[in-house]
DNA sequence: TCAGTTTTGTTAGAAGATATCACAATTTTT
DNA sequence: AAAAATTGTGATATCTTCTAACAAAACTGA
């Protein structure tokens, strides 16, 4: 019998950690981040208040943990949406990713707004979150580059201030220069446009307007696909 | 001496209310909604804790009040931005309104995210907020309709699902049918696209990317102005 | 096997939050 | 001047996060 990587203690510890996370996520789903109560979690798990501080040093640390894990989960959903439509072409994949983004947000409204809240000093350094969103950006870049017909860097290189900024970002992120400025711009616009619709939808704006935000999302994605699909010349 | 509309008591009461609001807004600016403490406000005003409940029945009521007032303030900023560029044409006015939206959010990040937070049951009925955002929508509709060259309802009427939904909204809101479906759609897209950029900027996304979100906003507004300005059929 | 160390739990308590209650002081009204 | 409405007070209940001191349990190595 080969020695296990995790000791018995680590296993039970991880189980407790997961149980805490599960309770916390239920509280977030019910009433948002501010509904999290370390005390209540501990008691509902059968242990007394301070015991939970053996697992999370502070409330903020638990929140940061939830945010990081939520980010990864959302990113995984997007990847799965893309892969499940891989035989329908990149344009349909992009549409599926967009729908997955919106549906994840609608299914987990409080968790979604949790990691897009105004960044406070406490959990300003969520490297895992940044890495996850960058992974999703890579997904968008890949799909969009496969939609654009001729990805000739010379003919599609822009000269505007925005394109310069996008080029700076590309170099910063070590994105290969096979991605044209158009693709970079469209990937970013896919995110921002979708995000705007979804956040306003969560705020209840479209409810008041009696408008189906899904139609708006579809229209935006269609617009982006059309721009990507047309010859950039 | 004619009888004043406000009694002496109402005047002092309003003064106290404003002082409470001022302290609360400072707390929000510093650390977001959750940083509001009725107790701390009361004590910093020289009165003891429970006294503040003579002015606001609960913490949520104070928050709702701040949200409603913030909405009105933002809407006023947008209106002022439009009027201060009235002699430069509707396209420049629209750009100014967009910049004002972003700048207000950047100047008041926590207040901005406060009234675009996930709608909870407690302050779900913010009629003032809805009215304010509708006023801003009217502003966008007016500017965009003046950018579109020929506002012929017959030639610009759409047939898609989205246009049907927009038409439903137009009727619901009693918006005059001189606004074409194109204008309705562009007004909504102006809001959603701008909102997406601004909220992601507040979350620190572009900071990590080292991208100036102002360039993105300008590009989006330019795109919308170009679509509005081109002949629709 | 058994002592020593680490980990994990406990209770007690500080400091602060929202919110209610009973009561006092003040101000307006009659 | 008396009555009523308003605005303040302190006491209190109940919640929160989080620290401190201490006890029990579980692993570790000789």
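May I ask for the percentage of alpha-carbon pairs in the range A:3-112 that lie more than 19 Å from each other? Above the 19 Å cut-off, the range A:3-112 has 55 percent of its Cα pairs. With label points set 7 Å from Cα along Cα→Cβ, the inter-copy distances at residue A:208 are 3.1 nm, sorted shortest first.
Placing R0 at 51 angstrom, the Cβ-Cβ distance between residue A:16 and residue B:222 gives a FRET efficiency of 0.40 after rounding to 0.05. A point 7 Å from Cα along Cα→Cβ stands in for residue B:43, and the other copies hold the same point at 2.5 nm, listed in rising order. Relative to the dominant Cα principal axis of chain A, helix A:213-229 is inclined by about 50°.
Axis angle, to the nearest 10 degrees, between helix A:161-173 and the longest C-alpha principal axis of chain A: 50 degrees.
The three principal axes of the Cα atoms in the range B:162-233 give end-to-end lengths of 44, 27, 16 Å, sorted in falling order. Among chain B residues, the one whose Cβ is nearest the axis of the rotation from B to A, given with its distance rounded to whole Å, is B:196, 1.
Measure nothing fancy, just the Cα-based angle from helix B:90-107's long axis to the longest principal axis of chain B, in degrees from 0 to 90, nearest 10. Taking the Cα atoms of chain B, the angle to B:90-107 is about 30 degrees. Across chain B, C-alpha contacts under 8 Å between residues 6 or more apart give a mean separation that, scaled by the residue count, equals a relative contact order of 19 percent.
A Förster radius of 41 Å combined with the Cβ-Cβ distance from residue A:83 to residue B:30 puts the calculated FRET efficiency at roughly 0.40. Short-range pairs are left out: with C-alpha atoms under 8 Å and at least six residues apart, the relative contact order of the range A:29-123 is 33 percent. Each other copy places its own label point for residue A:164 at 4.8 nm from this one, sorted shortest first, where the point lies 7 Å along the Cα-to-beta carbon line. Would you mind computing, in nm to one decimal, how far apart the modelled labels at residue B:164 and residue B:130 are, each placed 7 Å from Cα along Cα→Cβ? Result for the modelled spin labels: 2.4 nm.
Note that chain B, at 25 °C in a medium of 0.890 mPa s, gets a Stokes-Einstein diffusion coefficient of 122 µm²/s from its Kirkwood radius over C-alpha pairs. Shape descriptor for the protein assembly as shown: Rg over Rh equals 1.01 (Cα atoms; Rh from the Kirkwood inverse mean 1/r).
The coefficient of translational diffusion for the range A:52-143, derived via Stokes-Einstein from the alpha carbon Kirkwood radius under 4 °C and 1.567 mPa s, stands at 91 µm²/s.
Every number in this text was worked out from the coordinates using simple rules, so none of it is lab data. Everything numeric in this text was worked out from a predicted model, so none of it was measured. Quick reminder, even Gly has a Cβ in these numbers, built from the backbone with ideal geometry, and neighbours come from all protein chains shown.
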